[in-house]
Amino acid sequence: MAEPLATRHGTLAVPTFLPDATRAGVRGVSSDDLRRIGIEGVVVNAFHLLRRPGARVVQAAGGIHRFMDWSGPILSDSGGFQVWSLIRQDPARGVIRDNEVVFREPSTGEKWNLTPERVIGLQLQLGSDIVVCLDDCTDADAPEPEQERSVERTIRWARRSREEFDRHVAQRAGAKAPLIFAVVQGGGIESLRRQCAAALAEIGFDGFGFGGWPISTDGSLLADALAWVADSVPVAAPKHALGVGRADHVVRAAGLGYSSFDSALPTRDARHGRLYAFRDGWADTRPSPGDNFYRAIRIHDARYRIDHAPLEARCDCPLCARHSAAYLHHLFKAGDASAERLATLHNLRFYVRLLALLRRPARGVAAPA
Ligand SMILES: [Zn+2]
């Protein structure tokens, strides 16, 4: 069983799911809502916060924790993935060079130069508990020369990030330092994934992220690549699977030793009326990879119009504890904003319950006396 992850804003029991509070908020719900359903930590995005409201605004508010009223651990993603996907969608938006990423704001023409150093400084300015090095993303199936270049840049940028981080931390002697995670690239090529992981481990980081798009084109998890990375970093190091969010994928990756996950999937699905529920008999059982332990509910379906039972009888979220499936169906049909809020809280509570099950000893393994 993995060690709990201690940060300067509290300790996370692992494995844990960290919702994406990309712009310092999980859309539609408050920080208080998140606390009440048992969420212990969140992920914000440094790049998006740089764009709006700007790091100075957050810093003037007293840091990211005060700004969003969240007293628990906060991991800040560098935004390397987001800037890469925006530029890939529209090359006019910017360019990724050996030494920096340049991004142009499409609406205002404003230009951002992201260097590894700037991205570390930005996350320290926000006051994040776990800062993440800028990495150079690729498509999982991009050709080998492109993967090689991405790995080479990612290692170089991680070294620069580490140096910048250490320089800042040395200046603030006495203050409790955040943790720093590096991100492993290499696409679907085993030798590159292992080479990248080993090089980052040699530089030395508090934890390691699995980077790049973690899902293959057929929708399955890139489990082999996740395994190579988990296997190539120090056994005891925290491992974060960026963007791994489907419940069965989380179960699989937790089985490979990943200790934390973040994904916009459960909250985005909730806003679209796609909710999750444990299948009968699974609400109290630790699922193993391959188990068919949950189902997706499309609350817009006509059959929920007159379903006056809770969405999931065993769920204790603010939706299921007080309301029926028919009520949520009605709120969605009526376009009421509380539909998205209640659905989001239900899906996140499902993840809190799932991760609590995954922290139990595996079936067939006796609990320590
Ligand atoms: Zn519920």
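A few points about this structure:
Here is a yes/no grid of residues against (1) touching a Gly at 6+ places or on another chain (Cβ under 8 Å); (2) within 19 Å of Val132 (Cα to Cα):
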| site | (1), (2) |
| --- | --- |
| Ala173 | no, no |
| Lys176 | no, yes |
| Val183 | yes, yes |
| Leu200 | no, yes |
| Gly209 | no, yes |
| Thr217 | no, no |
| Leu222 | yes, no |
| Ala230 | yes, yes |
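- Any hit, the stretch 279-296, residues being away from the ligand (no atom under 14 Å from the Cβ) and basic (Lys, Arg): yes
- Within the stretch 291-309, considering residues that are farther than 24 Å from Val250 by Cβ and among the small types (Gly, Ala, Ser), the one most open to solvent (accessible area, probe 1.4 Å): Ala302
- Qualifying position, being in contact (Cβ under 8 Å) with a residue 24 or more places away in the chain and closer than 22 Å to Cys133 by Cα, among Ile39, Ile64: Ile64
- In the stretch 109-167, the residue that is modelled with the highest pLDDT out of those that are hydrophobic (A, V, I, L, M, F, W, C) and closer than 12 Å to Gly187 by Cα is Val151.
- In the stretch 258-277, the condition of being open to solvent by 50 Å² or more (accessible area, probe 1.4 Å) and in contact with a Leu (Cβ under 8 Å, 6 or more places away or on another chain) is met by no residue.
- Taken over the stretch 177-236, the residue count meeting the criterion of being in a loop (DSSP other than H, G, I, E, B), in contact with a strand residue (DSSP E or B) (Cβ under 8 Å, 6 or more places away or on another chain) and either more than 23 Å from Val83 (Cα to Cα) or at pLDDT 95 or above (or both) is 5.
- Subset tally (residues that are of a type in the set (S, T, N, Q), open to solvent by less than 80 Å² (accessible area, probe 1.4 Å) and over 21 Å from Phe165 (Cβ atoms)) for the stretch 83-119: 1
- One residue stands out in the stretch 310-339 among those that are away from the ligand (no atom under 12 Å from the Cβ) and part of a loop (DSSP other than H, G, I, E, B): the one that is surrounded by the most Cβ atoms within 10 Å (Cβ to Cβ), namely Asp336.
- Verdict on Arg359 being under 23 Å from the mean Cα position of the chain (by Cα), open to solvent by 60 Å² or more (accessible area, probe 1.4 Å) and more than 14 Å from the ligand (Cβ to nearest atom): yes
- Hits in the stretch 255-287 (condition: in contact (Cβ under 8 Å) with a residue 40 or more places away in the chain, assigned to a loop (DSSP other than H, G, I, E, B), more than 15 Å from Ala343 (Cα to Cα) and not β-branched (Val, Ile, Thr)): Gly257, Tyr258, Ser259, Ser263, Ala283, Asp284, Arg286, Pro287
- All positions within the stretch 63-108 that are closer than 30 Å to Arg36 by Cα and either modelled with pLDDT under 95 or among the hydroxyl-bearing types (Ser, Thr, Tyr) (or both): Ser71, Ser76, Ser78, Gly79, Gln82
The values are calculated or read from the model by the stated rules, or taken from the named source; none is laboratory data. These figures come from a predicted structure and were not determined experimentally. Virtual Cβ from ideal backbone geometry, glycine too; neighbours counted across all protein chains shown. Keep in mind that these areas ignore ligands, DNA and RNA; they rest on the heavy atoms of the full protein, side chains included. Shrake-Rupley method; radii C 1.70, N 1.55, O 1.52, S 1.80 Å.
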